[in-house]
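Written out below as structure tokens is the structure these notes cover.
What follows draws every value from the coordinates through simple rules; no lab data is involved. Computed from a predicted model, the values in this text were never measured in an experiment. Glycine gets a Cβ as well: all are built from the backbone with ideal geometry, and neighbour counts include every protein chain shown.
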Amino acid sequence: MSKKPLSGKAAAVAGAGRGIGRAIALAFSRAGANLAICSRSIDELNEVKNSSEAHGVKCLVGVADITDPKATEAFCKAAIDEFGQMDILVNSAGVELESSKVESSDPERWWRTVEVNIRGPYLVTRFFLGGLAEGAKIINISSGLGLRAADWNSSYTVSKAGLHIFTEVLANELWPRKIDVNNLIPGPVATDMFNRGARGVRYTPEEILERFAKELPPGFSPQERIKHPDEVAELALYMATLPVGGPTGQTFSLGRRPF
Ligand SMILES: NC(=O)c1ccc[n+]([C@@H]2O[C@H](COP(=O)([O-])OP(=O)(O)OC[C@H]3O[C@@H](n4cnc5c(N)ncnc54)[C@H](OP(=O)(O)O)[C@@H]3O)[C@@H](O)[C@H]2O)c1
């Protein structure tokens, strides 16, 4: 039997309870990686644990709000204690809590969006750094909205722009340890976050794809295509399995339009 591409590796995925993070965690488990996963929803995490362990790997679950330093540090420490060192870190946890123009935005939701999308990946990365293996990969799930100015959604746009430059700073800091740090831009993906009109109800990616089969929501370029989260996981797996000394400080995109 041929060796799986991530056999013997340990991968942490923040925001793995559903959506893109869940798809990445499951793809990594199929590829043979042991997992450490976190979010705030234990039922979703346990579902991912059960599904991933069916592939013969171990999955450590941590309930943590990634804006809470104590809870985040406890999760990262438990993962490093369990696996010794981490080979891959994926920062997928993120929110889009408001999408209005600045004039009508809610100050609390605006700031909370920035907090989750920036302070969150910062804290997760900060507490994993000491336990990352030489040659590890960090993959930050970013957005094309972080690279161009829209006339709406400023909290999300500002937060993802910050994540882009955070990735580049980390790449500069970590190359001596042979740790590659890159952004992944998914483009529109059939997840709870994308399914804006249906807050509070969970739909499968297939149901969301069906809902938007004929038309994208307003604000999306018609040349875009909504993807299944598994398509993003394929790119994440590619990035996670690049040889040591590969690209770092770069942006890999599934978008279908220029930024
Ligand atoms: N879907 C898209 O079209 C799209 C496009 C471009 C970029 N992205 C980016 O892709 C990433 C994943 O998005 P998605 O579409 O998969 O969203 P999603 O389906 O809503 O999943 C988000 C995940 O992050 C977790 N999370 C949110 N806030 C958290 C917090 N404070 N602490 C810990 N975990 C938290 C959620 O769990 P809990 O709520 O239970 O904590 C959930 O597991 C995000 O960074 C997003 O900005 C998505």
_Segments classed as helices (runs of 4 or more DSSP H), wholly inside region 81-186, with at least 1 members that are touching a strand residue (DSSP E or B) at 6+ places or on another chain (Cβ under 9 Å) and near the ligand (Cβ under 10 Å from one of its atoms)_ = 120-128, 154-174
*Read through the list (1) among the β-branched types (Val, Ile, Thr); (2) in a loop (DSSP other than H, G, I, E, B); (3) without any contact (Cβ under 8 Å) to a residue 12 or more places away in the chain, then give the number of the only condition that Thr191 fails.*
(3)
*Return the total of residues in region 45-79 being part of a helix (DSSP H, G or I) and surrounded by fewer than 19 Cβ atoms within 10 Å (Cβ to Cβ).*
12
*In region 221-245, how many residues are in a loop (DSSP other than H, G, I, E, B) and out of contact with any Phe, Trp or Tyr (no Cβ under 9 Å at 6 or more places or on another chain)?*
11
*Within region 1-28, restricting attention to residues that are within 21 Å of Cys76 (Cβ to Cβ) and away from the ligand (no atom under 16 Å from the Cβ), which residue is surrounded by the fewest Cβ atoms within 10 Å (Cβ to Cβ)?*
Gly8
*Test set (1) of a type in the set (S, T, N, Q); (2) closer than 22 Å to Trp111 by Cβ; (3) in contact (Cβ under 8 Å) with a residue 40 or more places away in the chain - Thr241 fails condition number*: (2)
*Do the conditions hold for Ala93, that is, is it closer than 22 Å to Phe252 by Cα, free of Cβ contacts under 8 Å to residues at least 24 places away in the same chain and not acidic (Asp, Glu)?*
no
*Looking at (1) more than 13 Å from the ligand (Cβ to nearest atom); (2) outside any helix (DSSP H, G or I), which is the only condition Tyr203 fails?*
(1)
